[in-house]
Amino acid sequence: MATSQSNYDAWRFRIIRILKEKDLLAALEENTVSTTKDDQALTIITLNIKDSQIPYIQDATTARDAWAALSVTGSWHWTLVQGTQRQEGPKR
């Protein structure tokens, strides 16, 4: 059985791979990145979380802020969303 940490680690790995492939990883690693790249990275993160996680990132103004918020939410759970495995954060 997967632990909450291993669920988060798997989600994190997948998002990092997507961002690397699209040359957007700098949006998480650097303070200075183009607005376009940051918006693209934030969109990828937003589209790969469950609706119940949105409250944790809806006030984030950058992909880096959203990434940080999701890294501390804890209590991740596996769910099935639109035919792909995704994770759901704790309910607020």
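Name every residue in the stretch 10-37 that is over 18 Å from Asp65 (Cα atoms) and in a loop (DSSP other than H, G, I, E, B), in order of residue number. Lys22, Asp23, listed by residue number.
When the criteria are applied in full, Gln53 fails the requirement of being at pLDDT below 95, surrounded by fewer than 11 Cβ atoms within 10 Å (Cβ to Cβ), polar (S, T, N, Q) and assigned to a helix (DSSP H, G or I).
Looking at the stretch 32-43, which of its residues are under 10 Å from the mean Cα position of the chain (by Cα) and surrounded by fewer than 17 Cβ atoms within 10 Å (Cβ to Cβ)? Reasoning before the result, please.
Keep residues of the stretch 32-43 that are under 10 Å from the mean Cα position of the chain (by Cα), which gives 41-43.
Hit for the stretch 32-43 is Thr43, nothing else.
The values are calculated or read from the model by the stated rules, or taken from the named source; none is laboratory data. Quick caveat: nothing in here was measured; it's all calculated off a predicted structure. Cβ sites come from the backbone with ideal geometry, for glycine too, and all protein chains shown count toward neighbours.
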